[in-house]
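The values are calculated or read from the model by the stated rules, or taken from the named source; none is laboratory data. In this text, all values refer to a predicted model and were calculated from it rather than measured experimentally. For neighbour counting, all protein chains shown are included, and Cβ atoms are generated from backbone atoms with ideal geometry for every residue, glycine included. In case anyone asks, the SASA skips ligands and DNA or RNA and just uses the protein heavy atoms, side chains included. Shrake-Rupley method; radii C 1.70, N 1.55, O 1.52, S 1.80 Å.
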Amino acid sequence: MARPPRLLAAAFLLIGALAMAGTTAMSAPAPPESEVNATGQPPGSAAPVRGFVDGHTHLMSYEAFGGSLLCGRPFDPDGAHEALVDCPDHLPRGEAAWFENFTRTGSPTGTHDPVGWPTFRSWPAGDSLTHQQTYHRWVERAWRGGLRVLVNQLVANRQLCEIYPLKRNPCDETASLRLQAQRTFELQDFVDARAGGPGRGWFRVVRSPAEARQVIAAGNLAVVLGVETSEPFGCRQTLGIPHCTRAQIDRGLDELHALGVRSMFVCHKYDNALCGVRFDSGTQGVIVNLGNLLSSGRFWTARTCTGPEHDNTIEKAGTLPPELARFLPGGVGLPLYPPAPHCNTRGLTSLGAHMVEGMMERGMLVEIDHMSVKAADRTLGLLEAAGYPGVVSSHSWTDPGFLRRIYRLGGMVTAYGHHAEEFAETWRRSEPLRAEFGRPGYGYGLDANGLGPLPPARPGNAGNPVTYPFTSFDGAVTLDRQRTGERVWDVNTDGVAHYGLVPDWIEDIRIVAGDELVQDMAAGAEAYLRTWEGAVSQAP
């Protein structure tokens with residue numbers, strides 16, 4: 001269960017008081033904790049900033065979807081042995097963890113070792129989607145290894161929350177976003193307390209690009225709040241009838257902006273009253289399409305595309321696990337679709353256009369991923385008409401044909417994380433476009449804790465593996481194999497099993513693609529800040 005905020009605050013103050021007091025006979029023993037296995041201090045970096053940007057990760061998604069779908073927490077005052085635990089419904093051997101099993105193997109049946117701390121035999125793992133991947137010590141290791149900007153996407157999905165039978169939080173999406181924002185600031189307070197007091201920690205939530213530059217210049221991590229939610233401000237739709245108004249959107253944008261949110265998706269996973277979505281494929285697509293039916297009263301509607309851009313292909317109808325099949329109305333089966341390539345018939349609605357315009361007025365970054373090609377095309381048209389550079393594709397969920405328009409505007413692309421060779425190939429394909437528009441700086445969007453896999457180990461790496469220890473891109477920090485409890489991870493065999501292995505993954509990228517790619521990634525934080533500055537400068 002999540003601790004009440006007052007108890008968390010009291011715990012942080014106690015930790016800070018003990019840290020300030022030095023050694024004392026009354027001090028309690030330090031709680032068990034993960035190692036960082038990084039020696040050295042990240043240097044401050046004034047403009048131009050040098051360091052990496054993760055444009056898409058979910059630090060607090062354990063509170064989303066009802067709060068019982070994802071197991072473990074990114075921090076706990078009592079240490080790793082309290083934070084890194086499995087979900088109670090996964091006991092004794094994972095047989096009842098049907099969502100974990102279905103998304104990992106395509107079958108609702110399976111087992112895993114539920115014990116986290118201290119053995120971690122089965123998780124975290126890159127393909128285990130319901131176990132904690134962003135524990136604070138792992139994020140610290142990523143920062144020490146070169147991360148300078150992290151976009152923490154607050155995430156919610158009412159329909160998935162209602163489908164999943166266990167929950168301890170309400171399914172209201174706005175309430176979930178508020179709670180995750182609160183938890184992010186609590187993590188900042190927690191890190192501060194461990195560092196000796198307010199403002200002393202390495203984890204800093206920022207509200208402007210100028211503030212981000214100050215934080216990075218001091219050698220710390222700038223954390224930007226984003227929002228990835230399926231029904232922003234309650235803007236669902238039923239059989240095409242919207243459940244929100246323009247005034248509701250305006251109030252919602254004002255509230256999120258006041259919370260510190262500076263980047264946002266217009267739609268995510270399900271068609272809503274604002275726009276149609278880019279489909280999911282494979283096993284997960286079957287689940288999401290059912291959610292679209294329950295959310296909107298319709299399955300996705302698709303046509304065979306006639307233009308060069310297209311949405312993801314909807315796979316042939318599969319079999320739902322019993323836990324989900326019971327939600328199908330009597331006599332209703334999964335739909336059949338015309339030949340691929342598939343395009344969603346739904347685009348950006350007038351309410352969606354109003355939201356995009358409202359984001360521009362507030363200097364916010366418009367996240368174009370998850371929009372159908374029809375919606376993305378119109379959204380880019382609105383941004384182009386306004387000359388607004390604040391557009392981001394943060395985890396490769398838009399058609400590559402739109403990247404030219406994003407770069408021409410001055411926008412930013414952070415690519416989804418694949419194994420080192422595949423990521424390097426994605427970078428190579430982007431080089432001509434970025435050179436054409438003078439856009440150096442490449443980023444990644446790992447989508448950690450976002451129900452998507454992290455990069456696996458590079459195939460065939462025995463001949464040129466990552467060797468430990470290695471140094472960060474700037475030579476300031478030496479990193480060895482990461483240890484948490486009794487488990488020691490190695491990127492050559494484990495891939496990016498958790499967020500602390502991101503520096504190891506970047507070293508693997510250097511081995512297969514050379515320093516040129518890593519140095520281009522080290523310009524990623526600066527590129528992101530310039531896109532953000534362009535958005536702020538264009539706001540009225």
Legend entry - Search result, residues across the range 267-287 that are surrounded by 24 or more Cβ atoms within 10 Å (Cβ to Cβ) and β-branched (Val, Ile, Thr): 277
Legend entry - In the range 417-426, the residues that are open to solvent by 10 Å² or more (accessible area, probe 1.4 Å) and out of contact with any strand residue (DSSP E or B) (no Cβ under 7 Å at 6 or more places or on another chain): 418, 419, 421, 422, 425
Legend entry - Which numbered condition residue 35 misses (of (1) of a type in the set (Asp, Glu); (2) in a loop (DSSP other than H, G, I, E, B); (3) more than 29 Å from residue 521 (Cα to Cα)): (3)
Legend entry - Residue list for the range 115-157, restricted to those being in contact with a Ser or Thr (Cβ under 9 Å, 6 or more places away or on another chain) and open to solvent by 30 Å² or more (accessible area, probe 1.4 Å): 115, 117, 118, 122, 127, 137, 144
Inset, instruction - Keeping to the range 505-540, report how many residues are in a loop (DSSP other than H, G, I, E, B) and either of a type in the set (Phe, Trp, Tyr) or more than 30 Å from residue 74 (Cα to Cα) (or both). - result: 3
Inset, instruction - Identify, from the list 413, 496, 502, the residue that is open to solvent by less than 60 Å² (accessible area, probe 1.4 Å), assigned to a loop (DSSP other than H, G, I, E, B) and in contact with a helix residue (DSSP H, G or I) (Cβ under 7 Å, 6 or more places away or on another chain). - result: 496
Inset, instruction - Output the qualifying pairs, or none if there are none: Cβ atoms under 9 angstrom, residues six or more apart or on different chains, first residue in the range 461-480 and within 15 Å of residue 51 (Cβ to Cβ), second residue assigned to a loop (DSSP other than H, G, I, E, B) and of a type in the set (Asp, Glu). - result: none
Inset, instruction - Would you mind telling me which numbered condition in (1) open to solvent by less than 60 Å² (accessible area, probe 1.4 Å); (2) assigned to a loop (DSSP other than H, G, I, E, B) residue 433 fails? - result: (2)
Inset, instruction - Among residues belonging to the range 442-456 that are crowded, with 24+ Cβ neighbours inside 10 Å and of a type outside the set (Phe, Trp, Tyr), point out the one that is nearest to the chain's Cα centre (by Cα). - result: 447
Inset, instruction - Filter the range 180-196 for residues that are under 15 Å from residue 220 (Cα atoms) and of a type in the set (Val, Ile, Thr) and give the result. - result: 191
Inset, instruction - List every residue pair whose Cβ atoms sit under 7 Å apart, with the two residues 6 or more apart in sequence or on different chains, where the first one lies in the range 215-242 and is without any contact (Cβ under 8 Å) to a residue 12 or more places away in the chain and the second, anywhere, is outside any loop (DSSP other than H, G, I, E, B). - result: 215/204; 215/222
Legend entry - Residue list for the range 76-106, filter: open to solvent by less than 10 Å² (accessible area, probe 1.4 Å) and farther than 22 Å from residue 324 by Cα: 76, 79, 80, 83, 84
Inset, instruction - Enumerate the strands (runs of 3 or more DSSP E) found wholly within the range 164-266, keeping only those where 3 or more residues are surrounded by fewer than 19 Cβ atoms within 10 Å (Cβ to Cβ) and at negative phi. - result: none
Inset, instruction - Can you work out which of the residues in the range 436-453 that are outside any loop (DSSP other than H, G, I, E, B) and of a type outside the set (Asp, Glu) is farthest from residue 131 (Cα to Cα)? - result: 443
Legend entry - Complete set of residues in the range 393-407 that are open to solvent by less than 40 Å² (accessible area, probe 1.4 Å), out of contact with any helix residue (DSSP H, G or I) (no Cβ under 7 Å at 6 or more places or on another chain) and in a loop (DSSP other than H, G, I, E, B): 394, 395
Inset, instruction - Test each condition in (1) open to solvent by 60 Å² or more (accessible area, probe 1.4 Å); (2) in a helix (DSSP H, G or I); (3) closer than 26 Å to residue 313 by Cβ for residue 459 and report the one that comes out false. - result: (2)
